[in-house]
1. With a cut-off of 8 Å between alpha carbons and a minimum separation of six or more residues, what is the relative contact order of the stretch 1-154 in percent?
2. Under a plain spin-label model, where a point goes 7 Å from the Cα along Cα-to-Cβ, how far apart in nm are residue 20 and residue 134?
3. No solvent, one uniform scatterer per C-alpha: report log10 I(q)/I(0) for the stretch 6-170 via the Debye equation at q = 0.18, 0.21 1/Å, two decimals.
4. Which order do peptides 75-83, 2-10 fall in by mean Cβ count within 10 Å, highest first?
5. Between residue 77 and residue 106, what is the label-to-label distance in nm when each label sits 7 Å out along the Cα-to-Cβ direction?
Amino acid sequence: MKISNAGYIAKAIALIMTGLILAFFPKVLTWIFVALGMIIIVSCSLMIVPALFSGDGGSFLSGGVTGVIIGVIVILAPKIIALGLAIFGGLGFIIWGAVQIGKALKSEKGSDKRLFGMIFGIAITVIGVFMMFNPFSAATVARIIIGVTLILLGAYNIYIARAINEHNKGASGNIIDIDGYTVDDDPDRKYLQ
């Protein structure tokens, strides 16, 4: 039976393109947010102008002002997301590191395992502190890691699509391959009942 690999190919293209943009071309993503934010600001500003001159545009005025604020937030979204990712990620790493240090201190295992647990906890805590106090550098590193991971996932989907293509070369279009098998006529028809 043949299997379609179109979904894997489409997913691979989407993952690789997104990964490339995130890891190596972040300005493209920033410009997309800026363009989207500007479209929102301009369209909502066009709602404000008639509302100011008509005198009866309360809902248009409030909707336009709200839209302009949303447009500004969309323009600033990449920086806000990067800052939030670094701060909350750093806080998460600090908590994880503190838990690991606590486990190492309470552990009754050999001194080597306690030492490894302590070093691991301290390293995670240091990474968390770095992320919190240097959020934009940490966000850049996180963005690159996520981008490279997406590229690798895309490459894996290409591998799956290639494996499906190899499988399809030897597969027939039939669900059950009955080519080359003949059935003798049964004059009594006892096998067909």
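1. For the stretch 1-154, the relative contact order is 34 percent.
2. The answer from the label model is 3.0 nm.
3. So the normalised log intensities work out to -1.04, -1.16.
4. Descending packing order for the listed peptides: 75-83, 2-10.
5. Spacing of the two 7 Å Cα→Cβ label points: 4.2 nm.
Rule-based calculations on the coordinates, nothing more; no lab input. Treat the numbers as computed from the prediction; the structure is a model and nothing was measured. Backbone-built Cβ (ideal geometry, glycine too); neighbour counts: all protein chains shown.
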